[in-house]
1. Given the options T57, N203, H182, identify the residue whose Cα lies farthest towards the positive end of the charge dipole of the chain (+1 on Cβ of Lys, Arg; -1 on Cβ of Asp, Glu).
2. Before I look further, what does the chain give for accessible area per residue, probe 1.4 Å, in whole square angstrom?
3. Over the Cα atoms, compute the radius of gyration (one decimal) and Dmax (the largest Cα-Cα distance, rounded to a whole number) for the chain, in Å.
4. Only residues of region 124-154 count here: report those whose backbone N is under 12 Å from the spot 7 Å along Cα→Cβ of K9, or say none.
5. Could you please state how large a percent of the accessible area of the chain is carbon and sulfur, counting protein chains only and using a 1.4 Å probe?
6. With just the Cα atoms defining each centre, how far is region 302-327 from region 95-121? Give it in Å.
7. Need one number: nm distance between label points at F284 and S19, each 7 Å from Cα along Cα→Cβ, rounded to one decimal.
8. Between A261 and H107, how many nm apart are label points set 7 Å from Cα along the C-beta direction?
Amino acid sequence: MTEKDFISKPYSKTLESGSFTWSSPSNIALVKYWGKKEDQIPENPSISFTLDYCKTTTTLSFSKKEKYEEFSFDVFLDSEQKDDFKPKIETFFKRIERYLPFLKAYHFKIETSNSFPHSSGIASSASGMSALALCLMSIERSLSEVDVTEVYFNQKASFLSRLGSGSACRSIEGDLIVWGTHQEIGGSSDLFGIKYPKDVHENFKNYQDTILLVDKGEKQVSSTIGHNLMHNHPYAERRFEQAHENMSKLISIFKSGDLEAFTKIVESEALTLHSMMMTSMPYFILMKPNTLGIINAIWAFRTKTNSKICFTLDAGANVHVLYPENEKETVIEFIKNELVTYCQNEHYISDQIGFGAQLIS
Ligand code: DP6
């Protein structure tokens, strides 16, 4: 598939008005996307677990306009008008207009809400952009005469989501999604995410992710600034190669179910992401003392109990605690007894692997 394959055929139907609602989840990367070319073309492949509980629900209402000159839309978060969200959506619309020629024909009302509190430090760009892209795809499907296949629908939704926020392209489906071309993964593409096509061991079924909210504030470094730090970064090229190598290693780990080997890749990826930020110019430390407190407590617990618990990090201070379903009881106990004290207001979110976005109405 190339970009051209996502340019729409002329629409045969007309629609005066209507609305669609989609909910779309967040995702957590195991091999990280950090560094991009223009239009969110990633510098290296990444792979993520789709989440289940953490999601955005968006209703997109549309009505035909008289004049087609400008984009026209209003945005609401939890029923409150959010004009500060408009520039990002305007940029998104400009990028995708080529692929959705109806965008200027309608006035849109975008009503969105998140299952997680917006002051949780959890980024909503992946779930938010993918939910919006899916609503737009539903409009396109209604305008098209020919039946749009589910494969094409999901691929184009992922493709459009990527143009909103790179990691959003990994939120359309589940439970394991690859984005970025990798030579051992057939069908992988820089343009959209695909379901991981190879064998996955039972050990990864219903994998758990408890998100420890260490810092609920605004992100210290926006992802755009963060990705740009990889331009002219002294270690960038080696890092991009390493991501390819880690993806290759994960292929055999997913097959064998070797959770110790899984831990090594996942924790190393998280620490490498943060190392890249510490060694860029300007440099940043996005972990907080409590992030390190949690990491050390996880390592001590693992040594003491032989648990297969491990951690990963986003570009912030919060910690994602990953563990197999059969350890749920003991790990939750450990989190409650030893880790919640490191969280802001003892706040954490229990989540697990999910299977992608859902059409609500
Ligand atoms: C650290 O997808 O938020 O979470 O493409 O600029 O919107 P943009 O960036 P974004 O970057 C996510 C970075 C990450 C790693 C990952 O999810 O792979």
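1. Checking the options against the dipole of the chain, the answer is H182.
2. Accessible area per residue, the chain: 45 Å².
3. In order Rg, Dmax, the Cα atoms of the chain give 20.4, 69 Å.
4. Residues 144-149 fall inside that zone.
5. Ligands and nucleic acids excluded, carbon and sulfur reach 49 percent.
6. Here the answer is 33 Å between Cα centres.
7. 3.6
8. Distance between label points: 5.9 nm.
The values are calculated or read from the model by the stated rules, or taken from the named source; none is laboratory data. Everything quoted here is computed from the prediction, not taken from an experiment. Cβ: placed from backbone, ideal geometry, glycine included. Neighbour counts: every protein chain shown. Note: areas computed on protein heavy atoms with side chains; ligands, DNA, RNA excluded. Shrake-Rupley method; radii C 1.70, N 1.55, O 1.52, S 1.80 Å.
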